[in-house]
Amino acid sequence: MPNTNIKIEESWKKVLAGEFEKEYFKNLSAFVKGEYKGGKIYPNPKDIFRAFDMCPFEEVKVVILGQDPYHGVRQANGLSFAVHKGMTLPPSLQNIFKEVETDLGIIPKDNEENKRSGDLSRWARQGVLLLNATLTVRASSPGSHQGKGWETFTTEAIKKLSDEREKLVFILWGNYAKEKGKVIDRTKHLVLESPHPSPFSAHSGFFGSRPFSKANEYLKKYGVGEVDWR
């Protein structure tokens with residue numbers, strides 16, 4: 001999308017095949033195609049499914065849920081909370097990096113370089129699915145593609161992971177993510193919830209929630225490779 005043939009990583013294409021034939025997805029596809037033709041939409045079309053493309057279904061270890069792509073120029077890159085390399089870090093991402101450092105008790109050797117790069121593909125390549133609930137947005141218009149079908153699609157992706165995989169870690173920041181996470185089977189997976197890393201709520205429980213070390217402890221307990229969060 002916006003091509004007729006859905007270009008998404010093969011394992012996810014198989015798992016979500018039924019969704020592409022449903023009426024809501026056909027309507028969503030038509031809407032998104034029209035939006036890309038008619039105006040400035042983010043992310044770049046090739047990055048719409050980047051979260052899935054970088055993290056095949058069987059390789060997912062951790063899921064971090066976001067809400068919308070960033071709506072500013074060159075920000076959205078298809079991964080939740082991430083921005084293109086070289087872009088100024090949004091406040092929420094700055095707070096995420098602060099929590100990584102305090103949680104793990106480390107300052108990466110290449111700290112300044114890491115601080116400059118908010119791409120987060122280094123996490124995605126290790127099995128962290130950085131998934132937004134809505135995968136596209138109109139420039140300078142936050143929430144403009146909500147309620148068009150993306151939420152149904154991404155909830156189904158979460159449900160498939162919950163139902164068909166075991167021992168995953170789901171990190172849910174803020175009330176929106178917590179609500180979306182209600183489909184997760186908590187008898188099979190670890191669900192970590194806290195306030196959102198936004199400056200408006202980070203000091204209300206996000207800082208000090210230690211999601212990164214908790215995720216790694218759980219993965220290690222079940223013999224799954226830990227994530228290098230640096």
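The values are calculated or read from the model by the stated rules, or taken from the named source; none is laboratory data. Owing to the predicted nature of the structure, the values given are computational and were not obtained by experimental measurement. A quick note on method: Cβ atoms are made from the backbone with ideal geometry, for glycine too, and the neighbour counts reach across all protein chains shown. We work out accessible area using only protein heavy atoms, side chains counted, and drop any ligands, DNA or RNA first. Shrake-Rupley method; radii C 1.70, N 1.55, O 1.52, S 1.80 Å.
Assorted remarks:
- Filter result for K220 (out of contact with any Cys (no Cβ under 7 Å at 6 or more places or on another chain), over 20 Å from N95 (Cβ atoms) and either in a loop (DSSP other than H, G, I, E, B) or open to solvent by less than 80 Å² (accessible area, probe 1.4 Å) (or both)): no
- Scanning region 134-183 for residues that are assigned to a loop (DSSP other than H, G, I, E, B) and in contact with a Lys or Arg (Cβ under 6 Å, 6 or more places away or on another chain), we see that the one that is surrounded by the most Cβ atoms within 10 Å (Cβ to Cβ) is S144.
- Restricting region 1-40 to residues that are over 22 Å from C55 (Cα atoms) and basic (K, R), the residue that is most open to solvent (accessible area, probe 1.4 Å): K37
- Being closer than 27 Å to L161 by Cα, touching a Lys or Arg at 6+ places or on another chain (Cβ under 6 Å), surrounded by fewer than 23 Cβ atoms within 10 Å (Cβ to Cβ) and not polar (S, T, N, Q) is a property that holds for D103.
- Candidates K98, K46, K85 - the one that is open to solvent by 20 Å² or more (accessible area, probe 1.4 Å), without any contact (Cβ under 8 Å) to a residue 40 or more places away in the chain and in a helix (DSSP H, G or I): K46
- Residue match in region 79-90 (condition: of a type in the set (G, A, S), within 18 Å of S209 (Cα to Cα) and at pLDDT below 95): no
- Among the residues of region 15-32, those that are within 18 Å of K160 (Cα to Cα), assigned to a helix (DSSP H, G or I) and without any contact (Cβ under 8 Å) to a residue 12 or more places away in the chain comprise A17, G18.
- Output for region 142-166, where each listed residue is farther than 25 Å from G18 by Cα and at pLDDT 95 or above: S144
- Evaluation of Y222 against (1) touching a residue at least 60 places away in the same chain (Cβ under 8 Å); (2) more than 30 Å from K46 (Cα to Cα) (one fails), failing number: (1)
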